[in-house]
Every structure is written in C-alpha cells, then in structure tokens.
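Notes follow the structure.
The values are calculated or read from the model by the stated rules, or taken from the named source; none is laboratory data. All values reported here derive from a predicted model rather than from experimental measurement. Cβ placement follows ideal geometry from the backbone for every residue including glycine, while neighbour counts extend to all protein chains displayed.
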Amino acid sequence: MRNECLQYRCQSTQIRVENVETPFTRGIRAGQVLTMPISHGEGKYYAEADTLAALRRNRQVVFRYATAEGQLTKAANPNGSLENIAGIINEDGTVLGLMPHPERASERTMGGTDGLLIFQSLLGTLVEDGSFLKR
C-alpha cells in the first residue's frame, strides 16, 4: 500500500532480525539490527488480521523496522507497515520478500555492507546442503 505519510521515501533504515531459522538469515544473530536503504512510495505492508496471526504463528516474519537499538517504534517504521513488518518468508521458507534493499547495502562504497549478511547466509545454505531448493 502507499506509505502512510503519502510520500516517497529514499533513506537508510534499520531492521531487526526476527527469525534466524531461514536460509536467508541463518548466519545472522536473532535480534541483530541491520542498516539498509529503502526507496519506495508504496511500501506499507498490510494484511488481514488472520493472515498476520498466521505469519506470527508460523514464524514467517523475518524482519521488522526498528531503532538502531532494536526497539520497535512507530518512529522507526518509515512507511506505516503493520506490526513494523519489513520482510516475510513464504510457508516453505524458499521465498523472502522484503522492502529494504540488501543489494544496495553490499559494498562499503555504497554506504554499508549489512545486506551482504543476507546473501552470505543464502550462499552458506546452498554450499552446505542446498536442500531448501529441493522443496
């Protein structure tokens, strides 16, 4: 949905890692805060109450917008996403959807390397066993 502020947002933001039991986050600490850029006008995550409950129950919420200290606050949420959700995974654990751009945070010259942690986790999963690709 459109950002709650109705403005296009292009800025750095922090996201807290909620689930480290995914191919995309297995090399990251639970609760770790990553800094990544966002660039969107339609980034507000919305879902019906029953869908949100299922996402929580199934541990499908992978990232939430947070402060640099890891606090989930309204001010840390750049687009008004419900429950500060910044990224979710499908039920099979094979698809990660997130609004921040890890590919834009993968070189120091671009302002940071926190996005590399996601790609390194995925690469580690592929190298170790590749089993999630067979699901």
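A few points about this structure:
- Region 21-32 residues that are at positive phi, paired with ones that are in a loop (DSSP other than H, G, I, E, B) and modelled with pLDDT of 95 or more (beta carbon under 6 Å, 6 or more apart): GLY31/GLY70
- Taking every residue in region 88-107 that is under 16 Å from VAL61 (Cβ atoms) and pairing it with any residue that is aromatic (Phe, Trp, Tyr) and modelled with pLDDT of 80 or more, at least 6 positions away or on another chain, the pairs with Cβ-Cβ distances below 7 Å are LEU96/PHE24; LEU98/PHE63.
- Number of the exception - GLN7 against (1) at pLDDT below 95; (2) closer than 21 Å to GLU103 by Cβ: (2)
- Options ALA47, ALA53; residue that is farther than 25 Å from LEU117 by Cα and surrounded by 14 or more Cβ atoms within 10 Å (Cβ to Cβ): ALA47
- Scanning region 63-73 for any residue that is in contact with a helix residue (DSSP H, G or I) (Cβ under 9 Å, 6 or more places away or on another chain), closer than 19 Å to ARG29 by Cα and among the β-branched types (Val, Ile, Thr) turns up nothing.
- Filtered residues of region 29-42 (kept if surrounded by 13 or more Cβ atoms within 10 Å (Cβ to Cβ) and over 12 Å from the mean Cα position of the chain (by Cα)): SER39, HIS40, GLY41
- Candidate set: region 63-112, residues that are polar (S, T, N, Q) and at pLDDT below 90; chosen: the one surrounded by the fewest Cβ atoms within 10 Å (Cβ to Cβ): THR109
- Condition check for LEU126 on (1) over 16 Å from the mean Cα position of the chain (by Cα); (2) crowded, with 16+ Cβ neighbours inside 10 Å; (3) of a type in the set (A, V, I, L, M): one failure, at (2).
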